[in-house]
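The values are calculated or read from the model by the stated rules, or taken from the named source; none is laboratory data. As the structure is a prediction and not an experimental result, all values here were calculated from the model. FYI the Cβ positions are ideal-geometry reconstructions off the backbone, even for glycines, and counts take in every protein chain you see.
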Amino acid sequence: MDSDNLLGEFLRARRELTTPEQVGLLPAGSRRTPGLRREEVAMLAGVSTDYYIRLEQGRERHPSERVLGALMQVLNLSADASAHMHRLAHPWPLRPSPADQPDRAKPAVVRLIRSWPYTPAIVTSRWMDVLASNQMADALYEGLEHRDNLLRLIFLNPASRRFYRDWDECARSKVAQLRAIAGADLDDPYLTDLVGELSLKSKDFRRMWARHDVSSHNVATKRFRHHDVGDLTLTYEMFNINDSPGQKLIVFQAEPGSPSAHALDLLGSLAALASP
């Protein structure tokens, strides 16, 4: 990852994903590269082509708020993507975390989630390592390899394409979350290793990472296919653990009275029978 030109990489990726039709331009014959041309972005943003080229190449690193706002409009950026672009243009000072302090879930949080007999819940680290899970979450993910990290589970386990009924959407969402979490901190050694491993082993991850999508959505609907109880549609909600920076509490719930709620109850009963 080129951490010296994060803003330029982001702008180039989003430019290549924006079509002339999206910004009201008439297509002008075939194009050698996808998306908008640099001169088109510059024209629409009200800056010179030379200035915009310097932005993409990393030779201009201090765009004004006016320029960032214009680029946000031209590239049709979401609120999350716009906030991400601002962080890349004006990165926050990074506070290094001690390498000798492993990420662990707080015992009180572990006790809390393990007191929920019918609600799957897990605790994850900043980079989506699973730090703790309760009996219901273990039953939900039972039999799946790479459960130690949600990104490895999605991209390195072929069985995940059946487990996640909307695999492509789930995969894109996880990569976009990783971009949002990382921000300008792409030099973090663990992140570098994780992205390197996934890029080497998964062409789908490489393709999605190169898009520079960004999302910080904490609530979503997930559809699963479990080998024992069948299809489930669950609400997936993430909560920050305030005194453990970067850690998330993830909780899964079914709509009361729905077939998924009955399937979740059955999964809880099977998990209780299987526990020693």
* To do: Could you tell me whether the stretch 1-16 includes any residue that is more than 23 Å from the chain's Cα centre (by Cα), surrounded by 14 or more Cβ atoms within 10 Å (Cβ to Cβ) and either assigned by TED's automatic domain parsing to the domain that holds LEU186 or of a type outside the set (Ser, Thr, Tyr) (or both)?
  => no
* Sole exception among (1) at pLDDT 95 or above; (2) under 25 Å from HIS226 (Cα atoms) for ARG111, by number -> (2)
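If you take the residues in the stretch 45-89 that are part of a helix (DSSP H, G or I) and in contact with a Ser or Thr (Cβ under 6 Å, 6 or more places away or on another chain), which one is farthest from ASP213 (Cα to Cα)? It would help to see each step written out before you state the result.
From the stretch 45-89, those part of a helix (DSSP H, G or I) are 45, 49-57, 65-74, 79-89; that's our starting set.
Narrowing further to those that are in contact with a Ser or Thr (Cβ under 6 Å, 6 or more places away or on another chain): 72, 80.
Values: MET72: 14, ASP80: 9 Å.
So, considering only residues that are part of a helix (DSSP H, G or I) and in contact with a Ser or Thr (Cβ under 6 Å, 6 or more places away or on another chain), the one farthest from ASP213 (Cα to Cα) is MET72.
Within the stretch 199-217, count every residue that is within 26 Å of THR18 (Cα to Cα) and either not assigned by TED's automatic domain parsing to the domain that holds ILE250 or not basic (Lys, Arg) (or both).
Here is the first cut: in the stretch 199-217, the ones within 26 Å of THR18 (Cα to Cα) are 199, 202-217.
Now drop any that are not either not assigned by TED's automatic domain parsing to the domain that holds ILE250 or not basic (Lys, Arg) (or both), which leaves 199, 202, 204-205, 208-210, 212-217.
The number of residues fulfilling the criteria is 13.
Here's the yes/no breakdown for (1) more than 19 Å from ARG14 (Cβ to Cβ); (2) basic (Lys, Arg); (3) modelled with pLDDT of 90 or more; (4) surrounded by fewer than 15 Cβ atoms within 10 Å (Cβ to Cβ):
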position	(1), (2), (3), (4)
ASP187	yes, no, no, yes
LEU191	yes, no, yes, no
SER202	yes, no, yes, no
ARG207	no, yes, yes, yes
HIS226	yes, no, yes, no
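Within the stretch 103-122, restricting attention to residues that are among the hydrophobic types (A, V, I, L, M, F, W, C) and either loosely packed, with under 13 Cβ neighbours inside 10 Å or within 16 Å of GLU142 (Cβ to Cβ) (or both), which residue is nearest to the chain's Cα centre (by Cα)? So that I can check it myself, show each step before the final result.
Taking the stretch 103-122 first, the residues among the hydrophobic types (A, V, I, L, M, F, W, C) are 105, 108-110, 112-113, 116, 121-122.
Subsequent filtering for residues that are either loosely packed, with under 13 Cβ neighbours inside 10 Å or within 16 Å of GLU142 (Cβ to Cβ) (or both) retains 108, 121-122.
Values: ALA108: 27, ALA121: 19, ILE122: 17 Å.
Per the stated criteria, the residue is ILE122.
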* Where residues in the stretch 236-276 are without any contact (Cβ under 8 Å) to a residue 12 or more places away in the chain and either in a loop (DSSP other than H, G, I, E, B) or under 28 Å from the mean Cα position of the chain (by Cα) (or both), which of them is farthest from ILE181 (Cα to Cα)? -> PRO276
* Quick one: ARG32 ticks every box in (1) surrounded by 13 or more Cβ atoms within 10 Å (Cβ to Cβ); (2) part of a loop (DSSP other than H, G, I, E, B); (3) of a type outside the set (S, T, N, Q) bar one, so which box is it? -> (1)
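Against the condition among the hydroxyl-bearing types (Ser, Thr, Tyr), touching a residue at least 24 places away in the same chain (Cβ under 8 Å) and assigned by TED's automatic domain parsing to the domain that holds HIS262, how does TYR141 come out, does it pass?
Details: among the hydroxyl-bearing types (Ser, Thr, Tyr): yes; touching a residue at least 24 places away in the same chain (Cβ under 8 Å): no; assigned by TED's automatic domain parsing to the domain that holds HIS262: yes.
Criteria not met by TYR141.
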